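The values are calculated or read from the model by the stated rules, or taken from the named source; none is laboratory data. What you see is a predicted model; the values in this text were computed from it and never measured. Cβ: placed from backbone, ideal geometry, glycine included. Neighbour counts: every protein chain shown. Ligands, DNA and RNA are excluded from the accessible area calculation, which covers all protein heavy atoms including side chains. Shrake-Rupley method; radii C 1.70, N 1.55, O 1.52, S 1.80 Å.
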Amino acid sequence: MDTAARHALIERLPKAELHLHIEGSLEPEMLFVLAARNGVNIPFKSADEVRAAYRFSNLQDFLDIYYQGMSVLLTGQDFYDLTIAYLERAHADNVRHVEIFVDPQGHTARGVPFATVIGGIARALDEGQARLGITHRLIMCFLRHLSEEEAEATLDDALPYLDRIDGVGLDSSELGHPPSKFARVFERARELGLHLTAHAGEEGPPAYVHEAIHELHVERIDHGNRALEDPALVHHLARDQMTLTVCPLSNLRLCVIGRMDDSPVRAMLEHGLKVTVNSDDPAYFGGYVNDNFRAVADALDLSTEEIVQLCENSFTGAFLSEAEKARHLAEVRAAAGAT
Ligand code: ADE
Ligand code: ZN
């Protein structure tokens, strides 16, 4: 397939995005607007200067700047503006359903009330559904560099808002913070009926993926790159059709891979794993979901069938009902057949 035809296919296919940190969609231009509106000092003079600072050698390099960027988010209107801007951008990429991560501890630690964060995001999600036709789930992540007691307190904070929060996840600095550290809080989240997912195998070893499955009982693995190092784990992931939310441009920018050709997407497809393509933190990594599709599909010379499979996986791996999945899958197939 030539490049133009491949890109046209990517653009026309409906898709879901399952791995998107809403704070990671804060574009430098909005960073300046919110900093001025809220009287927050930021150590940059222009959006170009901010972008030039986005050079990372590993996950921690990025996280340091990501937590700094969040400091401009203070009011419900800020969280609304951030979220609606992401939804407009996702709409342009033919995204029909989003499952958004939020890091409440990144905000409550700065004195921003939990209700302000969830309220602003939820208002934008409702508008996105009504005006853009994008359905949503909201997943709050526990910061794994903090203690399990702090995660428990965050779950307590969430109790009044469980009508707006659909699941819990686990993110931030992976190495040295294995999933097992959060077994009890994930167990309580499961008892509350929340969906479960966790970042694992981005920088951490295959054992962390194993722990996320067997000790946290997650329904999805976020990233999962390093699972490929363990054949028994690959067999398990294939047999159980566990969804993996891979983020190609993130992997490149965080030096998880050296070149886009090294993306795990091809090997995962070949092993029959349920891999999806996502943007992670698009404002920091140079692209939204279709940019990620184009980059990985071009580098790996993905076929029509493989690109369609990735879009189908994004719906089958979503926290949607079987009827909703079937409706989206029919639309993917209709778009795939259209020329
Ligand atoms: N927080 C935001 N993006 C992340 C990533 N890719 N890995 C871990 N924590 C994150
Ligand atoms: Zn992530």
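Side notes on the structure shown:
- Selected residue (only one of 168, 185 is β-branched (Val, Ile, Thr), without any contact (Cβ under 8 Å) to a residue 40 or more places away in the chain and either more than 13 Å from ligand 1 (Cβ to nearest atom) or in contact with a Lys or Arg (Cβ under 6 Å, 6 or more places away or on another chain) (or both)): 168
- The set of residues in the range 178-209 that are among the acidic types (Asp, Glu) and either under 20 Å from residue 100 (Cβ atoms) or open to solvent by less than 60 Å² (accessible area, probe 1.4 Å) (or both) comprises 202, 203.
- Residue 212 being part of a helix (DSSP H, G or I), crowded, with 16+ Cβ neighbours inside 10 Å and of a type in the set (Gly, Ala, Ser): yes
- Residues of the range 184-206 that turn out to be within 13 Å of residue 225 (Cα to Cα) and part of a helix (DSSP H, G or I), as a count: 1
- Long-range neighbours under 7 Å by Cβ, at least six apart or interchain, first residue open to solvent by 60 Å² or more (accessible area, probe 1.4 Å) within the range 107-123, second aliphatic (A, V, I, L, M) and in a helix (DSSP H, G or I): none
- Members of the range 317-331 found to be touching a strand residue (DSSP E or B) at 6+ places or on another chain (Cβ under 8 Å) and open to solvent by less than 40 Å² (accessible area, probe 1.4 Å), listed by number: 317, 318, 319, 320, 328
- The single condition among (1) in contact with a Leu (Cβ under 7 Å, 6 or more places away or on another chain); (2) crowded, with 23+ Cβ neighbours inside 10 Å that residue 219 does not satisfy is (2).
- Residue count, the range 131-173 (criterion: among the acidic types (Asp, Glu) and crowded, with 21+ Cβ neighbours inside 10 Å): 1
- For the range 222-236, the candidate set comprises residues that are part of a helix (DSSP H, G or I) and within 16 Å of ligand 1 (Cβ to nearest atom); within that set, the residue that is most open to solvent (accessible area, probe 1.4 Å) is 226.
- The set of residues in the range 42-70 being within 16 Å of ligand 2 (Cβ to nearest atom) and assigned to a helix (DSSP H, G or I) consists of 59, 60, 61, 62, 63, 64, 65, 66, 67, 69, 70.
One line per residue, one yes/no per condition, for (1) out of contact with any Asp or Glu (no Cβ under 7 Å at 6 or more places or on another chain); (2) open to solvent by 20 Å² or more (accessible area, probe 1.4 Å); (3) among the hydroxyl-bearing types (Ser, Thr, Tyr):
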| site | (1), (2), (3) |
| --- | --- |
| 23 | no, no, no |
| 29 | yes, yes, no |
| 39 | yes, yes, no |
| 46 | yes, yes, yes |
| 52 | yes, yes, no |
| 66 | no, no, yes |
| 79 | yes, no, no |
| 87 | yes, no, no |
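- Among residues of the range 1-21, those that are open to solvent by 50 Å² or more (accessible area, probe 1.4 Å) and either assigned to a loop (DSSP other than H, G, I, E, B) or without any contact (Cβ under 8 Å) to a residue 60 or more places away in the chain (or both), counted: 3
- Only one of 281, 298 that is modelled with pLDDT of 95 or more and open to solvent by 20 Å² or more (accessible area, probe 1.4 Å): 298
- Residue list for the range 56-108, restricted to those being among the charged types (D, E, K, R), within 11 Å of ligand 1 (Cβ to nearest atom) and over 15 Å from the mean Cα position of the chain (by Cα): none
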